[in-house]
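Asker: Quick one: structure below, then a few questions.
The values are calculated or read from the model by the stated rules, or taken from the named source; none is laboratory data. Treat the numbers as computed from the prediction; the structure is a model and nothing was measured. Here the Cβ is made from the backbone with ideal geometry for all residues, glycine too, and neighbour counts use every protein chain on show. Note: areas computed on protein heavy atoms with side chains; ligands, DNA, RNA excluded. Shrake-Rupley method; radii C 1.70, N 1.55, O 1.52, S 1.80 Å.
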Amino acid sequence: MKSLLLAAAFALVIVPASGHEYKAGSIEIKHPWSRATPKGSEVAGGYMKLINTGKEPDRLIGGSVPIAGKFEIHEMSMDGGVAKMRMLPKGIEIKPGQTVELKPGSYHLMFVGLKEPFEKGKRVKGTLQFEKAGTVEVEYAVEAVGASPKMEHDHGSMGGMDGMEHKH
Ligand SMILES: [Cu+2]
């Protein structure tokens, strides 16, 4: 009996807590996440994996986060050693069979004008809008401020837009 209980406890630990996912038409949305924001921060990032399991290309064209004033789709790239962010007015294309990862230092969502901070451990509600797959409700898992494989693009700890060149 004791070993059975132990096995059950281990099974609970092994199941990944962060593996939430959503589906809109033929688009799979894996683990939307964000990072905790310091007090007074105006912006938060949004990250996830988008997989097109269909036969037609689709496009992430917008969305919303009720606790932020604005929802933007951005791309981050290095230009002569300087990190630059660019808004993508046409969104992000996801070709058939393609996996597109939104992550720090690359494609990402930006939530501007936060009405309340993103707190670690919370889930932030929002929607994503695809050209063909339509609108789907998602929740972003808010992870620690430093949660990232790479730190070169940290909206949170830079105190807003300072140090970033934004072309809108
Ligand atoms: Cu950005």
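Asker: Which residues, taken from the range 66-90, are within 22 Å of LYS125 (Cβ to Cβ) and within 14 Å of the ligand (Cβ to nearest atom)?
Answerer: Listed by number, the residues that qualify are ALA68, LYS70, PHE71, GLU72, ILE73, HIS74.
Asker: Answer yes or no: is there a residue in the range 31-51 that is within 12 Å of the ligand (Cβ to nearest atom) and farther than 19 Å from GLY126 by Cα.
Answerer: The answer is no, given that none of the residues of the range 31-51 is within 12 Å of the ligand (Cβ to nearest atom) and farther than 19 Å from GLY126 by Cα.
Asker: Sticking with this structure for a sec: Show the residue pairs that are 6+ apart or on different chains and have beta-carbon atoms under 7 Å apart, the first residue being within the range 65-84 and touching a residue at least 40 places away in the same chain (Cβ under 8 Å) and over 20 Å from GLY113 (Cα atoms), the second being assigned to a loop (DSSP other than H, G, I, E, B) and open to solvent by less than 40 Å² (accessible area, probe 1.4 Å).
Answerer: Hits for this filter: ALA83/HIS153; ALA83/MET164.
Asker: Within the range 91-110, how many residues turn out to be assigned to a strand (DSSP E or B) and more than 10 Å from the ligand (Cβ to nearest atom)?
Answerer: Summing the residues that are assigned to a strand (DSSP E or B) and more than 10 Å from the ligand (Cβ to nearest atom) in the range 91-110 gives 7.
Asker: Looking at the range 129-150 only, could you name the residues that are open to solvent by less than 40 Å² (accessible area, probe 1.4 Å), out of contact with any Pro (no Cβ under 8 Å at 6 or more places or on another chain) and either on the phi > 0 side of the Ramachandran plot or not in a loop (DSSP other than H, G, I, E, B) (or both)?
Answerer: PHE130, GLY134, VAL136, VAL142
Asker: If you scan the range 48-64, which residues turn out to be within 19 Å of GLY113 (Cβ to Cβ) and of a type in the set (Ser, Thr, Tyr)?
Answerer: SER64
Asker: In the range 119-139, what residues are basic (Lys, Arg) and out of contact with any Asp or Glu (no Cβ under 7 Å at 6 or more places or on another chain)?
Answerer: LYS122
Asker: Can you tell me which of (1) open to solvent by less than 30 Å² (accessible area, probe 1.4 Å); (2) over 14 Å from the mean Cα position of the chain (by Cα) is the one VAL100 doesn't meet?
Answerer: (2)
Asker: Might you check whether a residue that is surrounded by fewer than 17 Cβ atoms within 10 Å (Cβ to Cβ), farther than 21 Å from TYR140 by Cβ and modelled with pLDDT under 95 occurs anywhere in the range 26-38?
Answerer: Checked the range 26-38: no residue is surrounded by fewer than 17 Cβ atoms within 10 Å (Cβ to Cβ), farther than 21 Å from TYR140 by Cβ and modelled with pLDDT under 95.
Asker: Going through MET78, MET85 one at a time, which residue ends up being part of a strand (DSSP E or B), open to solvent by 50 Å² or more (accessible area, probe 1.4 Å) and modelled with pLDDT under 95?
Answerer: The unique qualifying residue is MET78.
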